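Written out below as structure tokens is the structure these notes cover.
The values are calculated or read from the model by the stated rules, or taken from the named source; none is laboratory data. Computed from a prediction, not measured in an experiment: that's the story for all the values here. Glycine also receives a Cβ, built like all others from the backbone with ideal geometry; neighbour counts cover every protein chain displayed. The accessibility values were calculated without ligands, DNA or RNA, using every heavy atom of the protein model including side chains. Shrake-Rupley method; radii C 1.70, N 1.55, O 1.52, S 1.80 Å.
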Amino acid sequence: MAAATDFYCVQDLLTDEERLVQSTVARFVEERFLPIVADHYERGTFPLEIVPELARIGLFGMHLQGYGAAGMSNVAYGVACQELERGDSGLRSFVSVQGSLCMFPIHRYGSEAQKQRWLPAMQSGEAIGCFGLTEPDFGSNPGGMATRARRDGSDWILDGTKRWITNGNLAHIAVVWARTEQGIRGFLVERGTRGFEAREIHHKLSMRASVTSELLLESCRVPADCELPGAQGLKAPLSCLNEARFGIVWGALGAAIACYQSALDYAKARVQFDRPIAGFQLTQLKLANMLTEITKGQLLAFQLGRLKDQGKATAVQISMAKMNNVREALEVARLARSILGANGISLEYPVMRHMANLETVLTYEGTQEVHTLALGEAITGISAFK
Amino acid sequence: MAINVVVCVKQIPDPSAPARLDPASKRLVREGVDLVLDPGDEHAVEAALQVAEGAGGEVTVVSMGPARAVDAIRRALSMGGARGIHVQDPALQNSDALSTARVLAAAVKGQPFDLIVCGQESTDGSTGAVPGQLAELLGLPLLSFARKLSVEEGKASIHRQTDEGYDVVEAPLPAVVTVTGGINDPRYPSLRGIMQSKNKEVRQLTLEAIGLSGKAGEKALTQEVVDLQPAQARKAGRVIEDKGEGAREIVDFLAELKVI
């Protein structure tokens, strides 16, 4: 498996632990997830039954320190995301949301009491989290959010709507971002809080093995100790997105690798005009381009990971890698679909499932366009969207 | 009473990838392929961990193999083993089963243990000879083909897999046990276990260190692979058309294979 898509021997650059993480997650995905994903995808459900095993392996918040987390390198987190998304973008999203979007802000911005209460429970999978930033009218422009939090005595009253929230209906705890008179603040809102409701979004043609929801907050009263004390301003939720985007940089490679493998196997076995279609020049062009883009993406991801491990990765470096790797993964998926011909549209093969998922991945956690313009701003010093 | 367990493991070319034989050495090609902890040995590690965890003991992982074999030991340590012993020596290249058993026996001597667990056979060589030889060399009883293992009051008890069902077999400790793939569902290493494994001791031993210079490996071969033949192509399957008797025919077929 690994050798055929590790053309530049990037695996040799991994530490022993990182390689063990990769092989462990790869096997888990192959043995426990791949046999069930197609049915869940078709039915539009997330396989909740694998959550205890994900927790036992220690994937939730694996790159955080303390509170039961494994404290691994960013590269180890990256290779885990790659292998998870080789399964399905919905699986990687589940782990991303839990670790990078929920545990990370509690770990970085939460009070000691909040950390003690939630981090071990989330690490063990007993508590599932979701992250409420995006709104129906504010996607790329989260700073314009309409959700408000106002003081009432020592309590906070939250009002607003969040949309496209992964795990919303599964979550025991929502990290909700709202505008206050002092600026944007983060709140931990528990399931069952009066005035808080999650509604599942149906009729999706992408990310079907993942739960996506709308969060409704209507005069939702939470006590003062639900506020994340360290989160001041929009940079707090954006720092969470940086964490999650880093996982996507690697995850998109996983989806691309799955598509490439599927297309390569198919091309070698499928005979037309009395020869395997892998022998035709146009198929070889596709396969060569796919492997080249995967290899370039691996090098981007690896060096970004090492920079992040050294505390040197910048937001715009993460933007470049997210932009490139998702765009190219989508192209790889489309090429793979064309190699598989009519079979390419079937759930019997992973290709169209990944392709449809990647349309979501292209947009969420910063659209292709916004990451491009973030890079444009970094190059020119001129912002094109602010 | 704590029960300490030794588990013997082997690193092999990934059996899920196509295997290649080197016609010159008549051995599996180990270069340029993924090497993994033998899946059969994962069951042995899991069984060893369950015994030790239940009794408050520790698991020592022993392997003979080239430098890279330490990865297989690390994997077993990340599953929960306490320490490793790695016998590595250029003279051990192309060892036969008896040499391997001699090396393992010498490596575990001086180790305090109550039980040795092995997979029933390696997935690559599949001789299945090493555990029996190991038991003989150590003068210990052998309980083979365990699909269930329990250890208590100074004895080990197993369900030995047979064609018809199982036999219940017991032996006093210390003993050697081989386990089948049906005995358990091996755990995945946890990430925390992976982090901890790098701080666990893996003793590196040479043939000299275990007192076997010239007595194992290429200089002491007792077996030789003299010829290789490709396996016969599998015959086409039998298609049963159901004319009301289909179920009966399938049952007869399975009974013929002794699987029911």
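Tallying residues that are more than 20 Å from A:Asp16 (Cβ to Cβ), outside any loop (DSSP other than H, G, I, E, B) and in contact with a helix residue (DSSP H, G or I) (Cβ under 8 Å, 6 or more places away or on another chain) within the stretch B:31-58 yields 2.
Residues that are assigned to a loop (DSSP other than H, G, I, E, B) and touching a strand residue (DSSP E or B) at 6+ places or on another chain (Cβ under 6 Å) were ranked within the stretch A:211-232; the one that is surrounded by the most Cβ atoms within 10 Å (Cβ to Cβ) is A:Ala231. A residue that is within 14 Å of chain B (Cβ to nearest Cβ) and touching a residue at least 40 places away in the same chain (Cβ under 8 Å) occurs nowhere in the stretch A:37-49. The C-beta contact set for the stretch B:146-164 (first residue within 11 Å of B:Thr178 (Cα to Cα), second residue of a type in the set (S, T, N, Q) and open to solvent by 50 Å² or more (accessible area, probe 1.4 Å), distance under 6 angstrom, 6+ apart or interchain) comprises B:Arg147/B:Gln161.
Yes or no, residue by residue, for (1) over 30 Å from A:Phe33 (Cα atoms); (2) more than 14 Å from chain A (Cβ to nearest Cβ); (3) outside any loop (DSSP other than H, G, I, E, B):
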| site | (1), (2), (3) |
| --- | --- |
| B:Val169 | yes, yes, yes |
| B:Asn199 | yes, no, no |
| B:Gln204 | yes, yes, yes |
| B:Leu207 | yes, yes, no |
| B:Ser213 | yes, yes, no |
| B:Val225 | yes, yes, no |
| B:Glu241 | yes, yes, no |
| B:Gly244 | yes, yes, no |
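Determine whether A:Glu243 is at pLDDT below 95, out of contact with any strand residue (DSSP E or B) (no Cβ under 8 Å at 6 or more places or on another chain), part of a helix (DSSP H, G or I) and not hydroxyl-bearing (Ser, Thr, Tyr). Considered against the rule, which asks whether it is at pLDDT below 95, out of contact with any strand residue (DSSP E or B) (no Cβ under 8 Å at 6 or more places or on another chain), part of a helix (DSSP H, G or I) and not hydroxyl-bearing (Ser, Thr, Tyr), A:Glu243 comes out as yes.
The set of residues in the stretch A:39-55 being out of contact with any Gly (no Cβ under 8 Å at 6 or more places or on another chain) and part of a loop (DSSP other than H, G, I, E, B) consists of A:Gly44, A:Thr45, A:Pro47. Here A:Arg117 meets each of (1) in contact with a helix residue (DSSP H, G or I) (Cβ under 6 Å, 6 or more places away or on another chain); (2) among the basic types (Lys, Arg); (3) surrounded by fewer than 24 Cβ atoms within 10 Å (Cβ to Cβ) with one exception, condition (1). Applying the condition of being exposed (fewer than 10 other Cβ atoms within 10 Å of the Cβ) and among the small types (Gly, Ala, Ser) to the stretch B:212-252 and asking which residue is nearest to B:Ala69 (Cα to Cα) yields B:Ala231. Taken residue by residue, the stretch A:164-176 has no member that is assigned by TED's automatic domain parsing to the domain that holds A:Ser219, part of a strand (DSSP E or B) and farther than 20 Å from A:Gly99 by Cα.
Residues of the stretch A:56-85 that are assigned to a loop (DSSP other than H, G, I, E, B) and within 8 Å of chain B (Cβ to nearest Cβ): A:Gly58, A:Leu59, A:Met62, A:Ala70, A:Gly71, A:Met72. Residues in the stretch A:311-329 that are touching a residue at least 60 places away in the same chain (Cβ under 8 Å) and part of a helix (DSSP H, G or I): A:Ala315, A:Val316, A:Ile318, A:Ser319, A:Ala321, A:Lys322, A:Asn325, A:Val326, A:Glu328, A:Ala329. I want to confirm something. Restricting to the stretch B:50-74 and keeping residues that are within 14 Å of chain A (Cβ to nearest Cβ) and touching a residue at least 24 places away in the same chain (Cβ under 8 Å), which single residue is surrounded by the fewest Cβ atoms within 10 Å (Cβ to Cβ)? Across the stretch B:50-74, the extreme among qualifying residues is B:Arg68.
All of (1) under 19 Å from the mean Cα position of the chain (by Cα); (2) more than 14 Å from every other protein chain (Cβ to nearest Cβ) hold for A:Lys115 with one exception: (1).
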